[in-house]
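Asker: I have a structure I would like to understand better, so I am pasting it below and will then ask my questions one at a time.
The values are calculated or read from the model by the stated rules, or taken from the named source; none is laboratory data. Note that the structure is predicted; figures quoted are calculated from it, not measured. Cβ coordinates were reconstructed from backbone atoms using ideal geometry, including for glycine residues, and neighbour counts include every protein chain displayed. Heavy atoms of the whole protein, side chains included, go into the accessibility calculation; ligands, DNA and RNA do not. Shrake-Rupley method; radii C 1.70, N 1.55, O 1.52, S 1.80 Å.
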Amino acid sequence: MTHSPKFSTLSPDPRRRQPRPLGLSLLLALGGLGLSLLPLQATANPAEGTCSAPRPGRYAVMGEGELKGEPLARLLLETWKPDGSLQGVRLERRGRTYRESTYTGRFRPISNCRVAIERTYLNTMSTSQVVLDPQGRPRFSLGVLPDVLMVSRWFDQPEQRCSAALLDGVVLSQQQGRDWRGQQWQANAVVQREQWLAGQVKGLAISSYGPTVEEATYRGSIEVQPDCLATIQQKDSLERTYNYRAIVLADGSGYLYLQTDPDDVTVAYLQRISAAAAP
């Protein structure tokens, strides 16, 4: 049972010293100790520094990690809107399975330079945190669900149409992946040098599979949609065929790709370093 408070109708005795309001007393005490009175959120982690508000815009995201012992790799083409909502397309490898889906979600600042993200994929919620650069652009993120290990890198993706001509020139890359051998996933690493012209590529790949090192040349082609999503097919000098889904970076800096062949999981940033193809 609760009781309503009783209020006196008597006027205060002017001879008695009235107590200071609690808020004022606390304010004076903190000031006397030399403590900052700035909002807690702004001073919670001074090491973060100061960043602009999260910047709406379009971004390409490349992530890799592990889920329940299986390799996990992902590309996102994502748009952040001024109202805090987001939408995008997800290209994902989970073990030997590849799938694509659209999604929606929200982002919100949780400190000066950090943002929390919630995305809903096919009725499943995922959460992550992203760190911003001083201009408020997302740069790196970490999945925060307990059963997922996922680290991602972010790229600005201007709102403009893409074409294969954006890749003309020399492209270099280094990448690490997994291949399915002997009924288990094993690590590999590759460095590549490519020459692109009019949607056609000629390249050299040097690959390491632990005790084995391989060198092969390859050729291939890319089909680029106006929204910058792309499909790549390649065949190497050892007569092996490779298939990828990709996001061409609209500023001409290169492309991101994700391998779709069931026995190989590779996600990588391939950087365009020269606008003119080498002889």
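Asker: For Glu64, are the conditions met, namely being in a strand (DSSP E or B), modelled with pLDDT of 95 or more and either surrounded by 15 or more Cβ atoms within 10 Å (Cβ to Cβ) or of a type in the set (Lys, Arg) (or both)?
Answerer: On the way: in a strand (DSSP E or B): yes; modelled with pLDDT of 95 or more: yes; either surrounded by 15 or more Cβ atoms within 10 Å (Cβ to Cβ) or of a type in the set (Lys, Arg) (or both): yes.
Against the criterion (in a strand (DSSP E or B), modelled with pLDDT of 95 or more and either surrounded by 15 or more Cβ atoms within 10 Å (Cβ to Cβ) or of a type in the set (Lys, Arg) (or both)), Glu64 qualifies.
Asker: I've got another one for you. If you check Tyr59 against the conditions, is it open to solvent by less than 20 Å² (accessible area, probe 1.4 Å) and without any contact (Cβ under 8 Å) to a residue 24 or more places away in the chain? If you could, list the steps in order and put the result at the bottom.
Answerer: Numbers: open to solvent by less than 20 Å² (accessible area, probe 1.4 Å): yes; without any contact (Cβ under 8 Å) to a residue 24 or more places away in the chain: no.
Judged against the criteria, Tyr59 is not a match.
Asker: Cβ contacts < 9 Å: first residue in contact (Cβ under 8 Å) with a residue 60 or more places away in the chain and under 14 Å from Thr102 (Cα atoms), restricted to the range 75-90; second residue open to solvent by less than 10 Å² (accessible area, probe 1.4 Å) and assigned to a loop (DSSP other than H, G, I, E, B), any location; separation 6+ or different chain. Result?
Answerer: Matching pairs, first to second residue: Leu77/Gln157; Leu77/Cys228.
Asker: List the pairs whose first member sits in the range 137-154 and is part of a loop (DSSP other than H, G, I, E, B), whose second member is open to solvent by 80 Å² or more (accessible area, probe 1.4 Å), and whose Cβ atoms are under 9 Å apart, counting only residues at least 6 apart or on separate chains?
Answerer: Taking only residues 6 or more apart or on different chains, the pairs are Arg137/Arg55; Leu145/Met125; Asp147/Lys68.
Asker: Could you list, in sequence order, the residues of the range 175-205 that are hydrophobic (A, V, I, L, M, F, W, C) and surrounded by 14 or more Cβ atoms within 10 Å (Cβ to Cβ)? Step through it out loud before you land on a result.
Answerer: Step one: of the range 175-205, the residues hydrophobic (A, V, I, L, M, F, W, C) are 180, 185, 187, 189-191, 196-198, 201, 204-205.
Scanning the range 175-205 gives Trp180, Trp185, Ala189, Val190, Trp196, Leu197, Val201, Leu204, Ala205.
Asker: Could you please give the count of residues in the range 155-173 that are assigned to a strand (DSSP E or B) and touching a Phe, Trp or Tyr at 6+ places or on another chain (Cβ under 9 Å)?
Answerer: Taking the range 155-173 and keeping what is assigned to a strand (DSSP E or B), we get 155-156, 169-173.
With the extra rule that they be touching a Phe, Trp or Tyr at 6+ places or on another chain (Cβ under 9 Å), the set shrinks to 155-156, 169-171, 173.
The number of residues fulfilling the criteria is 6.
Asker: While we're here: Taking the range 183-237 on its own, how many of its residues are touching a Cys at 6+ places or on another chain (Cβ under 9 Å) and part of a strand (DSSP E or B)? So that I can check it myself, show each step before the final result.
Answerer: Step one: filter the range 183-237 for residues touching a Cys at 6+ places or on another chain (Cβ under 9 Å), giving 224-230.
Now drop any that are not part of a strand (DSSP E or B), which leaves 224, 229-230.
Adding up the residues that qualify gives 3.
Asker: I would also like to ask the following. Please specify each residue of the range 98-136 satisfying the condition of being polar (S, T, N, Q), free of Cβ contacts under 8 Å to residues at least 24 places away in the same chain and either open to solvent by less than 50 Å² (accessible area, probe 1.4 Å) or part of a strand (DSSP E or B) (or both).
Answerer: Step one: of the range 98-136, the residues polar (S, T, N, Q) are 101-102, 104, 111-112, 120, 123-124, 126-129, 135.
Filter once more, so that each one left must be free of Cβ contacts under 8 Å to residues at least 24 places away in the same chain: 101-102, 104, 120, 123-124, 126-127, 129.
Within the range 98-136, Ser101, Thr102, Thr104, Thr120, Thr124, Ser126, Thr127, Gln129 qualify.
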